[in-house]
Amino acid sequence: MFIDAPEVSAETPDLKSYDRIIVAFSGGKDSLAALLHLLESGVDASCIELHHHNVDGDGPVFMDWAVTRAYCEAIADFFGIPIYFSCKLGGFEREMSRDGEATAPIKFEVPTENGKVVMYAGGNGKPGTRLKFPQVAADLSVRWCSAYLKIDVMAALIRNQDRFLNKRTLVVTGERAEESTARARYLTMERHRTDLRGSEKKARHVDHWRPIHGWDEGKVWDIIRRFGIVPHVAYQLGWSRLSCMACIFGSPNQWATILHVFRERFEMIEAREAEFGVTIRRSETIRQTAAKGQPYPVALENPELVALATSHEWNVPIAVSPEEWLLPAGAFGENAGPT
């Protein structure tokens, strides 16, 4: 909250008034719908940047979907929009394993005349210890994965690039009120946490817009169908929301599916629960959670989709005609994801 000026309150901003529009792009249906809404509203693709935060950093996958980065790149290439990747070094696993150490630096890509360069920020904070998974809660201080691996990463890359100074920037995210009681309380339009429009030394005007905040899920799938964009494979495997494959909010059915078709990943996470002596759900282990569910049939019946999910390449079409487009198995399914 800023006390030197009133909060931004307009539901729909003047999109032409911004020098740059940044879309926080997970590859999920909601951030995709937000991007498509910008394009359908007449925003030129040259004014948009996609920013994707690699949850597992640049190392081996631990919690996330292996194919997500490639999927996001395929979307960016299809629309001719630049995409920039960022992460906290070491990703989820390093942050979770902190033992008397400072949180890791943030790595982010920066555009240049000849392409991109990599920059780093942070890493000089006070030592701290986690040695446990994020907890299932709306409070981001304990559900630290969203804050440390996504929200703070976006803020750091904006604060550490002079190209955002003396410019008007719009940050677009895809949260929807329908997803949870907590998200229903979000403002549709507000100042971004990096905004410094009143600064005499380093003025930086940054607004935060949630353009699909009031949409229901049907409207999200409708715009994706109109553009013919093939949904992320997670939805095709039965997941209704795209966060991590092994999201801490995962339902018993999702954990059962991971156990049956992504067993190696399941056992990696199970081993860390045992090591910490603190389970993700506190009241039960992920194996006990999985025992309460049933694997998604579509995941058991389609090994080619499982192979795509574990690949680092998106080697299938990214778009089809609206007439050929199919609603994925996970659409309108379990609302198992961040609150």
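The values are calculated or read from the model by the stated rules, or taken from the named source; none is laboratory data. Remember, it's a predicted structure, so these values are computed and weren't measured experimentally. Cβ atoms come from the backbone with ideal geometry, glycine included; neighbour counts cover every protein chain shown.
Filter segment 195-214 down to residues that are surrounded by 18 or more Cβ atoms within 10 Å (Cβ to Cβ) and not hydrophobic (A, V, I, L, M, F, W, C) and give me whichever is farthest from Leu32 (Cα to Cα). Residue satisfying both the conditions and the ranking: Arg204.
Only one residue in Leu165, Leu140, Leu170, Leu157 is among the hydrophobic types (A, V, I, L, M, F, W, C), more than 17 Å from Glu95 (Cα to Cα), assigned by TED's automatic domain parsing to the domain that holds Phe108 and in contact with a helix residue (DSSP H, G or I) (Cβ under 8 Å, 6 or more places away or on another chain), so which one is that?
Working: Leu165 fails: in contact with a helix residue (DSSP H, G or I) (Cβ under 8 Å, 6 or more places away or on another chain); Leu140 fails: more than 17 Å from Glu95 (Cα to Cα); Leu157 fails: in contact with a helix residue (DSSP H, G or I) (Cβ under 8 Å, 6 or more places away or on another chain).
Of the residues listed, the single one that is among the hydrophobic types (A, V, I, L, M, F, W, C), more than 17 Å from Glu95 (Cα to Cα), assigned by TED's automatic domain parsing to the domain that holds Phe108 and in contact with a helix residue (DSSP H, G or I) (Cβ under 8 Å, 6 or more places away or on another chain) is Leu170.
Going by the structure shown, is Gly238 part of a loop (DSSP other than H, G, I, E, B) and at positive phi? Judged against the criteria, Gly238 is a match.
Only a single criterion out of (1) at positive phi; (2) surrounded by 16 or more Cβ atoms within 10 Å (Cβ to Cβ); (3) in a strand (DSSP E or B) is not satisfied by Gly57, namely (3).
Among the candidates Gln254, Gln288, the residue that is assigned to a helix (DSSP H, G or I), outside the structural domain of Leu38 (by TED's automatic domain parsing) and in contact with an Asp or Glu (Cβ under 9 Å, 6 or more places away or on another chain) is uniquely Gln254. Which residue out of Arg281, Arg193 is assigned by TED's automatic domain parsing to the domain that holds Asp56, outside any helix (DSSP H, G or I) and either within 20 Å of the chain's Cα centre (by Cα) or farther than 30 Å from Ile158 by Cα (or both)? Residue meeting the stated conditions: Arg193.
Would you please name the residue that is surrounded by the most Cβ atoms within 10 Å (Cβ to Cβ), looking only at residues in segment 111-137 that are among the polar types (S, T, N, Q) and in a loop (DSSP other than H, G, I, E, B)? Let's see the steps before the verdict.
Narrowing segment 111-137 to residues among the polar types (S, T, N, Q): 112, 114, 124, 129, 135.
Right, trim to in a loop (DSSP other than H, G, I, E, B) and you get 114, 124, 135.
Values: Asn114: 6, Asn124: 8, Gln135: 16.
Only one residue fits best here, namely Gln135.
Within segment 60-101, the set of residues being over 19 Å from Val230 (Cα atoms), crowded, with 19+ Cβ neighbours inside 10 Å and basic (Lys, Arg) comprises Lys88 only.
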